[in-house]
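Reviewing the structure listed below.
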Amino acid sequence: MVIEIHQVEGFDPQHRSFNRNAEIHRSEQGLSARFFYEGLRVDTGTHFEVEHAMTDLVDRLQKHGFSQLRSRVNFKGSRYLAERQPWIDYPGPVVR
């Protein structure tokens, strides 16, 4: 069951800006995030908090070459939040 939809934006591996939705799903095991982009599907592991599912999703997207990512929740259940929620910026991966 989808419990939240988050707007995710940033740059794809080809350095093009993008804006897509990430769905937060609830199951008996917990919460997970799902994201689709041009044939790429990214699913996270199971977490107990939405923030952890989103951080996991961002980590996975960064490993695919996405950068300068940020997100905000747009829907909680069927309630549209009318883009009133603040953006959460995710730092890029540490390069060593």
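The values are calculated or read from the model by the stated rules, or taken from the named source; none is laboratory data. Treat the numbers as computed from the prediction; the structure is a model and nothing was measured. Accessible surface areas use protein heavy atoms only, side chains included; no ligands, DNA or RNA. Shrake-Rupley method; radii C 1.70, N 1.55, O 1.52, S 1.80 Å.
Which of [x] 14.3, 52; [y] 12.9, 43; [z] 13.0, 39 is the computed Rg and Dmax of the Cα atoms in Å for the structure on display?
Given [x] 14.3, 52; [y] 12.9, 43; [z] 13.0, 39, the structure-derived one carries the label [y].
Could you work out [θ]222 nm for the chain from helices alone, using -39500 (n - 2.57) per DSSP H run of at least four and dividing by all its residues? Round to the nearest 500 deg cm²/dmol. Write out the running numbers ahead of the final one.
Numbers: 1 runs with 14 residues, N = 96.
That calculation yields -4500 deg cm²/dmol at 222 nm.
Quick check: at a probe of 1.4 Å, how many percent of the accessible area of the chain sits on carbon and sulfur atoms? Can you show the working numbers first?
On the way: 3060 of 6180 Å².
Answer for the chain is 50 percent, counting heavy atoms of protein chains only.
Please report the accessible area of His64 (heavy atoms, 1.4 Å probe, ligands and nucleic acids excluded) in Å², nearest 10.
Surface open to solvent at His64 totals about 90 Å².
Enter the angle in degrees (range 0 to 90, nearest 10) between the Cα long axis of helix 50-63 and the first principal axis of the Cα atoms of the chain, meaning the one along which they spread out most.
Helix 50-63 sits roughly 20 degrees off the main axis of the chain.
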